[in-house]
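Here is the structure we will look at.
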Amino acid sequence: QVQLVESGGGLVQPGGSLRLSCAASGSILSINAMGWYRQAPGKERELVATITSGSRTNYADSVKGRFTISRDNDKNTVYLQMNSLKPEDTAVYYCNAKDVRLSWGYLVFERWGQGTLVTVSS
């Protein structure tokens, strides 16, 4: 079927940078939208950034100007460049894909990755 695998999480000091990657695998013809969400302890999962196949982007107000989302449609991969990281950015970051068209006429409406932990601390 479809699998999303995240990478790039880790420990970074405040003000530092980190780049997350998420690769989708399977018999994929296209993915309408991909994005990143995060969940901190005791909080609900929230949107970080999304990007469509046409490269239209959307960011949460809390990360605007600091994070940049991008994607490679040929590789079915989405990236999140995180700069000027703050302790408040500490969370598990999840990759998301919506409306994944597969071979044999299949359509997967939504798929989540397992998550990668980002810890911002001095």
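The values are calculated or read from the model by the stated rules, or taken from the named source; none is laboratory data. If you're wondering where the values come from, they're calculated on a predicted model, not measured in any experiment. Neighbour counts run over all protein chains shown; Cβ positions are idealised from the backbone, glycine included. SASA here: full protein model, heavy atoms, side chains in, ligands and nucleic acids out. Shrake-Rupley method; radii C 1.70, N 1.55, O 1.52, S 1.80 Å.
Structural remarks
- Pair list, Cβ under 7 Å, 6 or more apart: region 6-18 residue closer than 10 Å to MET82 by Cβ, other residue open to solvent by 50 Å² or more (accessible area, probe 1.4 Å) and polar (S, T, N, Q): SER17/ASN83
- Within region 90-115, the set of residues being under 18 Å from VAL63 (Cα atoms) and either crowded, with 21+ Cβ neighbours inside 10 Å or among the hydroxyl-bearing types (Ser, Thr, Tyr) (or both) comprises THR90, ALA91, TYR93, TYR94, CYS95.
- TYR94 of a type in the set (Phe, Trp, Tyr) and in contact with a strand residue (DSSP E or B) (Cβ under 8 Å, 6 or more places away or on another chain): yes
- In this entry, ARG111 is excluded by the filter for residues that are within 13 Å of the chain's Cα centre (by Cα), closer than 22 Å to GLY10 by Cβ and in contact (Cβ under 8 Å) with a residue 60 or more places away in the chain.
- Verdict on LYS64 being free of Cβ contacts under 8 Å to residues at least 40 places away in the same chain and of a type in the set (Lys, Arg): yes
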